[in-house]
Amino acid sequence: MSLGLTAALVLAAAALGVVAGVSWVQARLRRVRRDAAAEAERILAEARQRAEQERHTLVVEGKEAAFRAKEAWEREEARRREEIERAERRLADRAEQLERKAQRLEEREQVLQRRQAELVRQRRLLHAERETLDRERRDVDRRLEQLAGLTRDEARALLLQQLEEEARAEAQQRAREIREEARRQAEREAREIVALAIQRVAVDQALESTVSVVALPSDDMKGRIIGREGRNIRAFEQLTGVDLVIDDTPEVVVLSCFDPVRREVARLALERLVADGRIHPSRIEEIVSRSRKDVERGMVEAAEEALYELGIHGVHPEIVKVLGRLKYRTSYGQNQLQHAREVAWLAGTMAAELGFDVTLAKRAGLLHDIGKGLTHEHEGSHVELGWELCRRYGEPDVVLNAIRAHHDEEPHRYPETFLVTAADAISGARPGARREMFETYVKRLERMEQIANSFPGVERCFAVQAGRELRILVLPDRVNDDEAVRLADQVARRIEEELQYPGQIKVVVIRETRATNFAR
C-alpha cells in the first residue's frame, strides 16, 4: 500500500515537474519572442532611418549630377552652336570665292573666245599669205632654173655634195686636231710611264728550238741506246713521242720534236738512262714515267714561283697547272712563261704609276696568254681556250676581258686591260724578244707593201725598221692632209685584220709638195 502510494506520489511529482518545466519553457519562449520582436522593431527602425538617409543622399547626388549634366550639355550646345556659326561663315566665304572665280572664268572664257576668233582670222590671213609666197617661190624657182640651167633636184644634189665635202673636210680636220692634241698631252706621260716600267723589268732572253742535244760519255753508248735490233730506240721513241736522231756526230744524240714538253721529258729520261747505264725497254718505261712526273712537277713549281714572285694568290690549281706548261711554250722564239711574267710586271708597274689596281693588273697580265698552254691538246684559238678556262674557275671579269681584248676580240672595259695590251706589245716588240723564219718575215713585208699600194693616191711605200714601220708616200694632188690621216688609219686597220706579227707596226703617211722653177 505504501509502495503504491509512493509510486503515485512520484508520478504526481513528476507530472508536476513536467508541468512546471513546460510552464517555465513557455514563459522563456514568450520572453525570447518579446525580446526578438523588440530587436526586430529596433533593427527595422534603424533600417528605415538609414534608408531614409541614403534616399536623401541619393536624391541630393542625383540633383547635383543632373545639374552638372545640364551644365555640360549647355556648354556642348554652345560649342556646337559656335562651330555651326563658323562653318556657316566659311561656307559663305567659300560661296563668295566660288562666285568670284566663276565670274573670272566667265571673263577668261570671253577673252579666249575673242582670242580664238582672232587666231582663226590670223590663220586665214597666214594661209592666204603662204599661198601667195608659194606662188612667188615657184616663180622664183622657175626663174632660177632658167638662169642657172639646173633643175631643182640637180641643184639640191649639188648643194648636198658641197655640204658633204665641207663636212668631211671639217671632220677630218677636227679629227686631226683632236688626235694631235691628245698625242701632245699623253705622249710625254705615256713615255715616262712606259720607260719607267721597262727600266724596272729586266729579264733574260730564253730562246727555244725544236731539237735538244744530249751529250754522251762515249760513242759506245749509241749502240746501247739503239739496243738489239733497235728495240731500245723504238721503245724510247714510242714512250716519249720524240724522234731520236743518232748520226756520226761524236758523243752526242739529237732529240727532235715540235712539242717542247715531250722533248724535255725525253731529254731528262735519256740523260738519266745514260747516267744509270741500264738501258732496256722496261727500264726505259720506268725512267720515262718518272721523268714525265718530274717535268710536270717542275712546271707547277715554275708557275707557283711566278705567282709568289708577283704576289698573286687564290689561283685555282688547274689554272696553275696550265700556267706551268707555258714554261715549255714559245712564240716566235720567246718563252711564254717568261713573257707572261714580263707582261705582269709591266702592267703592274704602269698601274702603280696611274693609280689603278696593281694586283689585278698583274693577275690579268700573267693570265692573258694562258690558253697557249692548252692549244696542243684542245681545239680552238688560245684566246677562246684561255677565256673559257679562266671563266670556268672563277677568275675576275678584268682577267676575262684582258684575255679577249688584247687580241681585239672584244672592247676594253677596264683600265687595267688597256695596260695589259700595252705591256703585251712592249714585251713582244722590244729588240731581241722574238724571232721568226726568214721566209715568213719576207712575206709579211711584201704583204704590208701590197696593202699600202692598194689604196688610191699612194705613190710608193717602204717597210723599214725590220718590218716594224711602214712609210707611205702619197701624191699631194690626190691626197690632202686630212685624207692622209684617214689613210694611215685605214692601212693600220687592214694590217691588223690580214697579218699576224709580233709586237706592233707603225704606219707613217708622208705627203710632200715640191715647187720647182728655173731662173733663166
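Assorted remarks:
- Selection within segment 326-340 - surrounded by fewer than 24 Cβ atoms within 10 Å (Cβ to Cβ) and out of contact with any strand residue (DSSP E or B) (no Cβ under 8 Å at 6 or more places or on another chain): TYR328, THR330, SER331, TYR332, GLY333, GLN334, ASN335, GLN338
- Some residue of segment 349-368 being in contact with a Ser or Thr (Cβ under 8 Å, 6 or more places away or on another chain), more than 25 Å from TYR308 (Cβ to Cβ) and of a type outside the set (Val, Ile, Thr): no
- Elements of type helices (runs of 4 or more DSSP H) in segment 304-411, at least 1 residues being among the charged types (D, E, K, R) and either more than 30 Å from ALA266 (Cβ to Cβ) or touching a Cys at 6+ places or on another chain (Cβ under 8 Å) (or both): 336-354, 358-367, 382-392, 397-405
- The lone exception for ASP153 - which of (1) of a type in the set (D, E, K, R); (2) surrounded by 10 or more Cβ atoms within 10 Å (Cβ to Cβ); (3) modelled with pLDDT under 75 it fails: (2)
The values are calculated or read from the model by the stated rules, or taken from the named source; none is laboratory data. All figures in this text were calculated on a predicted structure; none of them were measured in a lab. Quick reminder, even Gly has a Cβ in these numbers, built from the backbone with ideal geometry, and neighbours come from all protein chains shown.
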